[in-house]
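Structure, as structure tokens:
The values are calculated or read from the model by the stated rules, or taken from the named source; none is laboratory data. Note that the coordinates shown come from a computational prediction; the quantities given were computed from them, not determined experimentally. Cβ: placed from backbone, ideal geometry, glycine included. Neighbour counts: every protein chain shown. Note: accessible area is taken over every heavy atom of the protein model, side chains too, but ligands, DNA and RNA are not part of it. Shrake-Rupley method; radii C 1.70, N 1.55, O 1.52, S 1.80 Å.
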Amino acid sequence: AVVCMQTSDLKPVPVSKAKAIISRYHFKEPSPVSFVKTLNSLVYVLAGIEAQEQQADDIILLNRDGQLVESLSAALFWIREGCLHTPA
């Protein structure tokens, strides 16, 4: 197998998000194929509308157990006791 990679210098973009909210309505459901990207973006479209209605810069999506999953525009990460964590 041949693997090709291309790299370039990282040019940081100054981004400041003043307000993020947690979605009240739209939950990500786990499934055996949750890791597969599909063309179904309904959850994200509805979450984006909710964020706009609340005048928020971003919105955080939860799973059906109320656990953090991701935001509309980014993955979630946190550092605890020197270890980097992200939702499964």
Interchain or long-range residues, amide H under 5 Å from SER71's placed H: LEU61, LEU76
Helix 42-53 vs. the chain, principal-axis angle (Cα, 0 to 90°, nearest 10): 60
Accessible surface, per residue, of the chain when the full set of protein chains is kept, probe 1.4 Å, Å²: 87
J(HN,Hα) series, segment 60-76, from Karplus relation 6.51 cos²θ - 1.76 cosθ + 1.60, nearest Hz, glycine and proline x: 9, 9, 10, 8, 5, 8, x, 8, 5, 10, 6, 9, 5, 10, 6, 7, 9
Option label - semi-axes √(5λ) of the Cα gyration tensor in Å computed here, alternatives (i) 18, 15, 14; (ii) 25, 20, 17; (iii) 45, 13, 8: (ii)
Local net charge near SER73, Cβ-Cβ under 14 Å (Lys/Arg +1, Asp/Glu -1): -2
Set of aspartates and glutamates with alpha-carbon distance to LYS37 below 15 Å, sequence-local pairs under 8 removed: GLU29, GLU70
All lysines inside 25 Å of LYS11 as judged from Cα atoms, apart from same-chain residues fewer than 8 positions distant: LYS19
Spacing of the two label points (7 Å from each Cα toward its C-beta) at LEU39 and PHE77, in nm: 3.2
Descending Cα extents along the principal axes, segment 1-51, whole Å: 44, 36, 15
